[in-house]
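Visitor: Take a look at this one; I'll ask things after.
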Amino acid sequence: MTQTAHGVEFTQQLSDTPKSAEERAAILANPGFGNYFTDHTAVVDYAVDEQGAGGWHNPRIEAYGPISLDPSAAVLHYGQEIFEGLKAYRHADGSVWTFRPEANAARLNKSARRLALPELPVEYFLGAIRELVAADKDWVPAGDGEALYLRPFMIATEAFLGVRAAREVSFRVIASPAGNYFGGELKPVSIWISREYARAGRGGTGAAKCGGNYAASLIAQQEAEANGCKQVLFLDHFNDDAVEELGGMNVFFVMKDGSLVTPALTGTILEGVTRSSVMQVAKDMGREVTERKITLAEWRDGVASGEITEVFACGTAAVITPIGVLKDTTEFIGSEDAKAGEATMAIREQLLGIQTGTVPDRHGWMTRLA
């Protein structure tokens with residue numbers, strides 16, 4: 001059986017053993033984040049032929065399950081891998097929508113160029129998420145703050161140990177029902193300052209969404225958790241301790257005059273889709289938004305003087321999360337008793353409203369999937 005999405009035909013090889021309605025309901029009652037996966041996956045293959053021409057082929061929906069890889073597959077040795085993250089939301093009428101998928105497709109290709117992977121035509125990206133969600137639409141939760149998290153990724157599958165770009169690649173999409181990223185009631189989180197570790201360096205892969213960046217952040221994340229913090233803040237230690245980003249989220253500051261400041265993109269900071277959306281939503285609300293260098297010292301002094309009134313982080317998984325305390329063994333900025341700020345919550349409610357269909361979509365950001 002084939003389905004056509006965005007001009008691309010996807011063959012469907014549906015699972016013989018999908019979860020029962022009862023099993024699925026039990027999972028959706030408390031999905032957590034990244035703990036459970038739907039019945040199917042979308043796959044598109046890439047290969048270079050004997051004439052050196054590369055092309056994508058065999059787009060399909062198949063049963064979710066283990067991936068068979070040769071032990072010498074390039075992804076296992078040289079880390080040629082990239083990924084994306086976006087969500088599918090169930091609206092009040094039962095339809096299912098996603099938020100700015102074209103932006104994710106564009107960023108995937110930007111990451112592909114940096115990691116010497118082939119670019120994926122946008123119609124394959126959009127077709128893959130549309131067909132996967134159509135096959136697994138019963139997995140999309142309807143609870144407050146819940147969504148179906150979509151994880152597109154690309155890996156180098158060629159069996160070859162030479163150091164060069166792989167000539168065989170697999171693009172895949174998996175899906176996982178998701179609740180609140182940090183769990184429970186939304187309240188300000190504590191953030192640990194990484195003094196020893198950096199997330200990325202000049203000329204590196206900081207602007208790409210690749211697994212190596214996250215692997216490099218995990219030791220700092222462990223340090224944060226050991227000190228009672230939910231996330232870690234990375235600084236540019238060679239640039240006046242300029243604020244970069246958290247382990248997986250961008251940072252915003254709300255100033256006394258109601259304006260927003262966020263670190264400028266320097267090549268070491270991921271260009272978040274939620275980040276750019278927050279900037280637009282804030283402008284729509286009449287707030288000035290500035291991208292510039294902001295240092296740890298300015299954060300410290302701004303909170304002390306009242307010039308900085310709120311700080312929040314944003315990303316696809318958690319959407320917007322208020323920051324209460326920034327700390328390490330020598331610093332303590334903010335308050336453990338802090339409440340979520342008014343500006344933070346207003347922007348969050350507006351953005352979530354667009355995503356869930358309760359606020360008009362002025363910018364054409366939403367795409368219907370099912």
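The values are calculated or read from the model by the stated rules, or taken from the named source; none is laboratory data. What you see is a predicted model; the values in this text were computed from it and never measured. Positions of Cβ are generated from backbone atoms using ideal geometry, with glycine treated the same way; all protein chains shown enter the neighbour counts. Ligands, DNA and RNA are stripped out before the accessible areas are found, and what is left, the full protein with its side chains, is counted by its heavy atoms. Shrake-Rupley method; radii C 1.70, N 1.55, O 1.52, S 1.80 Å.
Visitor: Take region 228-250 and flag every residue that is part of a strand (DSSP E or B) and more than 26 Å from R113 (Cβ to Cβ). Before the answer, list the steps.
Guide: Start the filter on region 228-250 by keeping residues that are part of a strand (DSSP E or B), which leaves 231-236, 242-246, 250.
The answer is Q231, V232, L233, L235, V243.
Visitor: Go through region 171-210 and give me each residue that's modelled with pLDDT of 95 or more, under 28 Å from D136 (Cα atoms) and assigned to a loop (DSSP other than H, G, I, E, B).
Guide: K209, C210
Visitor: In addition: Determine whether region 213-227 contains at least one residue that is within 24 Å of L352 (Cβ to Cβ) and part of a loop (DSSP other than H, G, I, E, B).
Guide: From region 213-227, those within 24 Å of L352 (Cβ to Cβ) are none; that's our starting set.
Scanning region 213-227 turns up no residue that is within 24 Å of L352 (Cβ to Cβ) and part of a loop (DSSP other than H, G, I, E, B).
Visitor: Return a yes/no flag: does region 333-347 have any residue that is open to solvent by less than 20 Å² (accessible area, probe 1.4 Å), more than 30 Å from A135 (Cβ to Cβ) and assigned to a strand (DSSP E or B).
Guide: yes
Visitor: Continuing with the same structure: Against the condition without any contact (Cβ under 8 Å) to a residue 60 or more places away in the chain, touching a strand residue (DSSP E or B) at 6+ places or on another chain (Cβ under 9 Å) and of a type in the set (D, E, K, R), how does E62 come out, does it pass?
Guide: Answer is yes for this residue.
Visitor: F252 - would you say it is open to solvent by less than 10 Å² (accessible area, probe 1.4 Å) and aromatic (F, W, Y)? Even if it seems obvious, please write down each step before you answer.
Guide: On the way: open to solvent by less than 10 Å² (accessible area, probe 1.4 Å): yes; aromatic (F, W, Y): yes.
The answer is yes for F252.
Visitor: Name the residues in region 297-314 that are open to solvent by less than 10 Å² (accessible area, probe 1.4 Å) and either assigned to a loop (DSSP other than H, G, I, E, B) or among the small types (G, A, S) (or both), would you?
Guide: G302, A313, listed by residue number.
The rows are residues; the columns are (1) crowded, with 21+ Cβ neighbours inside 10 Å; (2) farther than 30 Å from S335 by Cβ; (3) touching a helix residue (DSSP H, G or I) at 6+ places or on another chain (Cβ under 8 Å).
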{"site": "D138", "(1), (2), (3)": "no, yes, yes"}
{"site": "L148", "(1), (2), (3)": "yes, yes, yes"}
{"site": "V169", "(1), (2), (3)": "yes, yes, no"}
{"site": "N180", "(1), (2), (3)": "no, no, no"}
{"site": "E196", "(1), (2), (3)": "no, no, yes"}
{"site": "R202", "(1), (2), (3)": "no, yes, no"}
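Visitor: Let me ask something else. I'd like the full set of residues that are farther than 26 Å from E81 by Cα and either open to solvent by 70 Å² or more (accessible area, probe 1.4 Å) or hydrophobic (A, V, I, L, M, F, W, C) (or both), limited to region 19-60.
Guide: K19, A21, E22, E23, A25, A26, I27, L28, A29, N30
Visitor: Tell me the residue from I269, I323 that is of a type in the set (V, I, T), in a strand (DSSP E or B) and either within 17 Å of E245 (Cβ to Cβ) or over 22 Å from the mean Cα position of the chain (by Cα) (or both), please.
Guide: Going through I269, I323 in turn, just one is of a type in the set (V, I, T), in a strand (DSSP E or B) and either within 17 Å of E245 (Cβ to Cβ) or over 22 Å from the mean Cα position of the chain (by Cα) (or both): I323.
Visitor: Restricting attention to region 4-24, which residues are part of a helix (DSSP H, G or I) and either touching a residue at least 24 places away in the same chain (Cβ under 8 Å) or closer than 22 Å to A317 by Cα (or both)?
Guide: A21, R24
Visitor: Exactly one condition in (1) open to solvent by 40 Å² or more (accessible area, probe 1.4 Å); (2) at pLDDT 95 or above is false for T266; which is it?
Guide: It is condition (2) that T266 fails.
Visitor: Here is a check on your reading of the model: is A142 more than 20 Å from the chain's Cα centre (by Cα), at pLDDT below 95, surrounded by fewer than 16 Cβ atoms within 10 Å (Cβ to Cβ) and not hydroxyl-bearing (S, T, Y)?
Guide: Values: more than 20 Å from the chain's Cα centre (by Cα): yes; at pLDDT below 95: yes; surrounded by fewer than 16 Cβ atoms within 10 Å (Cβ to Cβ): yes; not hydroxyl-bearing (S, T, Y): yes.
For A142, the condition - more than 20 Å from the chain's Cα centre (by Cα), at pLDDT below 95, surrounded by fewer than 16 Cβ atoms within 10 Å (Cβ to Cβ) and not hydroxyl-bearing (S, T, Y) - is met.
Visitor: While we're here: Out of all the residues in region 61-111, which are within 19 Å of A47 (Cα to Cα), polar (S, T, N, Q) and open to solvent by less than 10 Å² (accessible area, probe 1.4 Å)?
Guide: Residue satisfying the conditions is S111 alone.
Visitor: What number of residues in region 220-242 are free of Cβ contacts under 8 Å to residues at least 60 places away in the same chain and either more than 29 Å from A346 (Cβ to Cβ) or in contact with an Asp or Glu (Cβ under 8 Å, 6 or more places away or on another chain) (or both)?
Guide: Matching residues across region 220-242 total 15.
Visitor: Give the number of residues within region 119-136 that are open to solvent by 20 Å² or more (accessible area, probe 1.4 Å) and either touching a residue at least 12 places away in the same chain (Cβ under 8 Å) or β-branched (V, I, T) (or both).
Guide: So the answer is 7.
Visitor: I'd like to verify a number: residues in region 350-364 that are surrounded by 13 or more Cβ atoms within 10 Å (Cβ to Cβ) and free of Cβ contacts under 8 Å to residues at least 12 places away in the same chain, how many?
Guide: Residues of region 350-364 surrounded by 13 or more Cβ atoms within 10 Å (Cβ to Cβ): 350-357, 359, 361.
Then drop every residue that is not free of Cβ contacts under 8 Å to residues at least 12 places away in the same chain, which leaves 353, 359, 361.
Selection size over region 350-364: 3.
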